[in-house]
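Student: Okay, handing you the structure first.
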Amino acid sequence: MLEKKLELLEQKIELSELGGGQNRIEKQHDKGKLTARERVHFLLDEDSFEEIGRFVMHRSTDFGMEKQQILGDGVVTGYGTIGGRLVYVFAQDFTVFGGSLSETHAEKICKIMDLAMQNGAPVIGLNDSGGARIQEGVRSLGGYADIFYRNVLASGVVPQISAIMGPCAGGAVYSPAMTDFTIMVENTSYMFVTGPNVVKTVTNEEVTAEELGGASAHSTKSGVTHLTAVNDLDCIHRIKQLLSYLPQNCEEKPSRLPYELKDEIRDQLTGLIPSSSNQPYDMREVVDGIVDEDSFLEIHPNYAENIIVGFCRIGGRSIGIVGNQPMSLAGVLDVDSSKKGARFVRFCDCFNIPLLVLVDVPGFLPGTDQEWNGIIVNGAKLLYAFSEATVPRITLITRKAYGGAYDVMNSKHIGADMNFAWPSAEIAVMGAKGASEIIFRKEIANASDPAAMLAEKEKEYQDKFAHPYRAAQRGFIDEIIHPKDSRRKLIKAFAMLENKVAKLPKKKHGNIPL
Ligand code: HXC
């Protein structure tokens, strides 16, 4: 009797492994995609996967669905390890009803999300789905809402990562949007609220799915995806890379690699700042000269390129970097860069990742486009995010720190712990030319040679403010350092701040200007 029962179990396991059947697996491969089980296999440490809900089947009886039952109901869920660390995973199986989300499919995802929150480990969702299971109507919509609700509850408790490895359309996009990071596979994935057909009907625009919501659109135009991958395996690699910088949950610190101070002088930083203050340079070179070798993982590399954000290691510690990028729009803050920076800062603060802020900012971008798109409220997001962050926060001003942007970019006044400046730093209300034109307007107008007078006043203003010593005199800058010594100073400062404790006033939650 027992033998028969064991035999039945083995048959069922085999059936569930096959998902929608051999031919559908081949179809998936033909599209250049791995199957859900293959994705889980490559994501997790060998033999670490434990499946939950393998025998779940849908409860639908409409449209002949009762005759179409596939074990697992289109999603593989469970837990395993990555680099020895516990993670929870769900992988939608496009070979079963197009990976569409039924009531039971949603229940499986909710179950592992609940476990992840209770046990304090990241949730990784591998999305590949035609959206709500059409045959189930409102039950599948309810299933989505059950997931969305958990996305919000889990936000800031455990890291949530979404890989988009196929279709993700309609309201389904809102679960990835509420997770911490989204990674899209180029050419095989797309995300949109309404697809090309609806777009054509409503707006008369002709657009392909790829143009509308492919990895390229979302990594450059909308900023919906943080990273892109060339194929499924690359996507899985990216997830692992990202996880390596993160702690398991909000109660833990990220793991620290062993590191001993050695020769930390980086001569390449000395000549990096061009002699003319209007000449651009690549802030990534500053990053390279500061972080542990090859440790920088840039997030959102092709979106709002005037600000750089990403994870790195400095002396073995996981650190989040936010830096103005003089190579793009001279490093100004605008609507998109403020939003990009703010979201990243808030993520790091949720998960105890200290922040390094590299400043070279001429101010906020002027113009009707920016004002009408809300640079006020969006710039405020970055200001709010920094002000609220209680993780160790260090600033290094490499060159310009002008106007309101000086305040915003992790100034001492909004709670930064250590503020360094290179001797090339210029800290002032505005650039010397603009300032002179305003405050010396009369002298310039009355001068026999206005141009010469402007140049003279510009020099006077520059001598007064185009350096960091005034700010250091007031203690707004803690130390003016030699560029080549930056890495050593930062390793030591982050070590010094290791046990920082800072508490915000008691409140339900703040009201970030969304
Ligand atoms: C049930 C679905 C399905 C769905 C696909 N299938 N989507 N079954 N519900 N939502 C089934 C197909 O019937 C087919 O079954 C199999 O999955 C594979 O689909 P194909 O169309 O053959 O695949 P492909 O050509 O690759 O096209 C993929 C696709 C297309 C573009 C995703 O399937 C599609 O347009 N699906 C519907 C998308 C949609 O409108 N979803 C609802 C969005 S609204 P057979 O048996 O023939 O193999 C939504 C609301 C969420 O999601 C709200 C949350 C708040």
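Please treat every number below as a calculation from the coordinates, not as lab data. These numbers come from a predicted model, not from an experiment. Don't worry about glycine lacking a Cβ; one is built from the backbone with ideal geometry, like all the others, and counts go over all protein chains shown.
Student: Which order, highest average first, do 401-408, 500-507, 284-291 follow once you tally other Cβ atoms within 10 Å for each residue and take the mean per peptide?
Tutor: 401-408, 284-291, 500-507
Student: May I ask you to list the residues of region 318-338 whose amide nitrogen lies under 15 Å from a point 7 Å from Cα along the Cα→beta-carbon direction of Asp369?
Tutor: Residues passing the 15 Å test: 328-338.
Student: Let me ask another. Specify whether the C-alpha gyration tensor of region 127-174 places it in the rounded, prolate or oblate class, a ≥ b ≥ c being the square roots of the eigenvalues: rounded for a/c under 1.5, otherwise prolate if a/b is larger than b/c and oblate if not.
Tutor: Because a/c hits 1.5 or more and a/b fails to exceed b/c, region 127-174 counts as oblate.
Student: Place +1 on the Cβ of every Lys and Arg and -1 on the Cβ of every Asp and Glu in region 467-514, take the dipole about the Cα centre, and give the residue among Ile512, Pro483, Tyr469 whose Cα lies farthest towards its positive end.
Tutor: Result: Ile512, furthest along the dipole toward the positive end.
Student: Which of the peptides 271-278, 78-85 is most tightly packed, and how do the rest follow, going by the mean number of other Cβ atoms within 10 Å of each residue?
Tutor: Descending mean neighbour count gives 78-85, 271-278.
Student: Then there's this: Using alpha carbon centroids, what distance separates region 353-412 and region 453-503, in Å?
Tutor: If we compute the Cα centre of each part, the gap is 16 Å.
Student: Treating the beta-carbon of each Lys and Arg as +1 and of each Asp and Glu as -1, no other charges, what is the dipole magnitude of region 341-496 about its Cα centre, to the nearest 20 debye?
Tutor: 500
Student: Compute for region 135-289: radius of gyration divided by Kirkwood radius, i.e. Rg/Rh, restricted to C-alpha atoms, rounded to two decimals.
Tutor: My calculation puts Rg/Rh at 1.10.
Student: Go through 480-492, 349-361, 46-58 and give me the packing order, highest mean Cβ count within 10 Å leading.
Tutor: The peptides rank, most packed first, as 349-361, 480-492, 46-58.
Student: Run the dipole for the chain about the Cα centre, Lys and Arg Cβ at +1, Asp and Glu Cβ at -1, nothing else charged, and hand back the magnitude in debye, nearest 20.
Tutor: 1460
Student: Mind checking which of Asn410, Ile353, Met1 is farthest towards the positive end of the chain's charge dipole, using Cβ charges of +1 (Lys, Arg) and -1 (Asp, Glu) about the Cα centre?
Tutor: Asn410
Student: So if each residue of separation counts as 0.36 nm, and I subtract the Cα-Cα distance between Asp407 and Lys500, what length gain in nm does that give?
Tutor: Extending this stretch completely gives an extra 31.3 nm.
Student: Limiting things to C-alpha atoms, what are the Rg and the maximum Cα-Cα separation (Dmax) for region 53-194, in angstroms?
Tutor: 14.2, 45
Student: Among Pro176, Thr77, Phe94, whose Cα projects farthest towards the positive end of the dipole of region 76-195, with charges put on the beta-carbon of Lys, Arg (+1) and Asp, Glu (-1)?
Tutor: Thr77
Student: Continuing with this model, one more query. Quick one: which of Lys5/Lys108; Lys412/Lys457; Lys459/Lys492; Lys221/Lys484 span more than 31 angstrom between C-alpha atoms?
Tutor: Table pairs above 31 Å Cα-Cα are Lys459/Lys492; Lys221/Lys484.
Student: Next question, about the same structure. Less than 12 Å Cβ to Cβ from Pro354, Lys/Arg counted +1 and Asp/Glu -1: what total charge do the surrounding residues give?
Tutor: It works out to a net charge of +3.
Student: Nearest 500 deg cm²/dmol is fine: what mean residue ellipticity at 222 nm does the chain get from its DSSP H runs of n ≥ 4 alone, each adding -39,500 (n - 2.57), divided by its residue count?
Tutor: Calculated at 222 nm, the ellipticity per residue is -11500 deg cm²/dmol.
Student: Averaging over every viewing direction, what projected area does the convex hull of the Cα atoms of region 379-494 cover, in nm²?
Tutor: 8.2
Student: Using only Cα atoms, locate the centre of region 213-286 and the centre of region 65-109, then give the distance between them in Å, rounded to an integer.
Tutor: After rounding, the separation between the Cα centres reads 31 Å.
Student: Here's another thing I want to ask about it. Between Asp114 and Lys433, how high is the FRET efficiency from 1/(1 + (r/R0)^6) when r is the Cβ-Cβ distance and R₀ = 56 Å? Nearest 0.05.
Tutor: Using R0 = 56 Å, I get an efficiency of 0.40.
Student: Let me know the charge dipole size of region 219-308 about its Cα centre in debye, to the nearest 20, where only the beta-carbon of Lys, Arg (+1) and Asp, Glu (-1) is charged.
Tutor: Roughly 320 debye for region 219-308.
Student: Using 0.36 nm times the number of residues separating Val199 and Ile512, minus their current alpha carbon distance, what extension gain do you get?
Tutor: That pair, Val199 and Ile512, stretches by 109.4 nm at full extension.
Student: Further question on the same structure: Tell me whether region 19-136 comes out rounded, prolate or oblate; compute the Cα gyration tensor, take square roots of the eigenvalues as a ≥ b ≥ c, and use a/c under 1.5 as the rounded threshold.
Tutor: It comes out oblate by the Cα gyration axes.
Student: At 7 Å along the Cα-to-beta-carbon direction for both Asp449 and Glu260, put a label point, then send me their distance in nm to one decimal.
Tutor: For Asp449 paired with Glu260, the spin-label model returns 6.4 nm.
Student: Once you have the Kirkwood Rh of the chain from its Cα pairs, apply Stokes-Einstein at 10 °C and 1.306 mPa s and quote D in µm²/s.
Tutor: This corresponds to a translational diffusion coefficient of 63 µm²/s.
Student: Sticking with this structure for a sec: Sketch the reach of a paramagnetic label on Leu233 as a point 7 Å from Cα along Cα-to-Cβ, and name the residues of region 11-33 whose backbone nitrogen lies under 19 Å away.
Tutor: Counting backbone N atoms under 19 Å from the label point, the list is 26-33.
Student: Another question, then. What fraction of the DSSP beta bridges in region 76-196 is antiparallel, stated in percent and rounded to the nearest 5?
Tutor: 30
Student: So how much slack lies between Lys4 and Phe63, counting 0.36 nm per residue of separation and subtracting their Cα-Cα distance, in nm?
Tutor: 17.8 nm
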